[in-house]
Amino acid sequence: MAKSDAAFLQKLKEEALKDQEAFLSNIATRLGRAKPLEAAPVHNMKGAPEFWEEVDLPLEQRIKLFMTNWQKAGGHTKRLASMAEAQDFIANFIAETRAKHLIIQDQPELESLRAALAETETDITVWNSDGASRAAKDELVAKAAGADIGIVAVEHAVAYTGSLVITSDATRGRSVSLLPTTFIAIIPADRLKSKMGEVLRPFDELAAKVRPAGIHFISGPSRSADIENDLTIGVHGPGIVYALIIE
């Protein structure tokens, strides 16, 4: 009998189904449950339930929930009243850590911060690859890889997942958040959302030609347990991450 024969293939299928049923029955018995259902249960809905669309936490709850979830992932948070306080915090952080090299996005929200940090002794690189040559872009990436601190103003933050949402383009290189030893995210409080869907839906509605080059989600410091399940922080990116919520 050829292995491609229909009867042979049917026999293999029946044997596989018997093995599957025995396997599931054994699990059900050990769990003290009845025999597994003959058919898959009927689902009355697809995706999130309707009431989930109505969830919209007040700002104060969003801030507290984001801070809790961000810290659970190993990140640090600060709640500040203004960009002036953020400038003071970062300047003190630079002094305490003796950071020598800093890279920052070329974003309007960070102009005052860049001006304030220019007074420190830290070497500052502003990421802007618009119209730059390949060599100039490679130099920016190298600067990011050697930076002690990278600073970005995020597009969104999500309270329920404790995640930052960052887009990339010529003036917002993803290397700024991925390569430095320490990453500091500036979060204007009005960009803090309750659910991930609130962030993703507007991106989905954008025409392809105006979508950002990349959309990146960050939930705490870089971590890896690939080698013998030994959790290591900072292998593939920043090992120290700060989220500064600006009210």
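A compact table of results
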quantity	calculated
Mean separation of Cα contacts under 8 Å (6+ apart) over length of the chain, as relative contact order %	22
Among Phe23, Phe66, Phe203, residue whose mean-square fluctuation peaks in a GNM of the chain (springs only between Cα atoms under 10 Å)	Phe23
Most mobile of Glu111, Glu15, Glu119 in a GNM of the chain (Cα contacts under 10 Å)	Glu15
Where labels lie 7 Å past Cα in the beta-carbon direction, separation of Gln71 and Leu17 in nm	5.5
Residues of type lysines that Lys18 reaches as a straight line, Cα spacing below 27 Å, ignoring anything fewer than 8 places off in the same chain	Lys3, Lys35
Formal net charge of residues neighbouring Ala99 (Cβ-Cβ distance under 12 Å; K, R +1; D, E -1)	-2
Rel. contact order, % - alpha carbon contacts under 8 angstrom, at least six apart, segment 47-171	32
Three semi-axes of the equivalent ellipsoid, the chain, Cα gyration tensor, whole Å, largest first	46, 24, 20
Whole-Hz ³J(HN,Hα) from phi, Karplus 6.51 cos²θ - 1.76 cosθ + 1.60, for segment 11-27, glycine and proline x	4, 4, 5, 5, 5, 5, 5, 5, 4, 5, 5, 5, 5, 5, 5, 5, 5
Net charge of neighbours whose Cβ lies under 12 Å from the Cβ of Arg201, counting Lys and Arg as +1 and Asp and Glu as -1	-2
MRE, 222 nm, helices only [DSSP H, n ≥ 4, -39500 (n - 2.57), over the chain, to nearest 500]	-11500 deg cm²/dmol
Euclidean distance between Cα centres, segment 118-149 to segment 69-117, Å	17
Residue-normalised accessible area of the chain, given per residue in Å² at a 1.4 Å probe	61
Proximal charge balance of His156 [Cβ under 12 Å; K/R count +1, D/E count -1]	+2
Over 28 Å between alpha carbons, listed pairs Lys137/Lys209; Lys78/Lys100; Lys100/Lys137; Lys78/Lys195; Lys78/Lys209; Lys72/Lys209	Lys78/Lys209; Lys72/Lys209
Theoretical FRET efficiency, 1/(1+(r/R0)^6), r = Cβ-Cβ of Ala34 and Asp190, R0 41 Å, to 0.05	0.20
For Thr167, distant residues with modelled amide H under 5 Å away	Glu155, His216
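The values are calculated or read from the model by the stated rules, or taken from the named source; none is laboratory data. Small disclaimer: the values here were computed from a predicted structure and weren't measured. Please note: Cβ atoms are built from the backbone with ideal geometry, for glycine as well, and neighbour counts cover all protein chains shown. Side chains included, ligands, DNA and RNA excluded: accessible areas come from the protein's heavy atoms. Shrake-Rupley method; radii C 1.70, N 1.55, O 1.52, S 1.80 Å.
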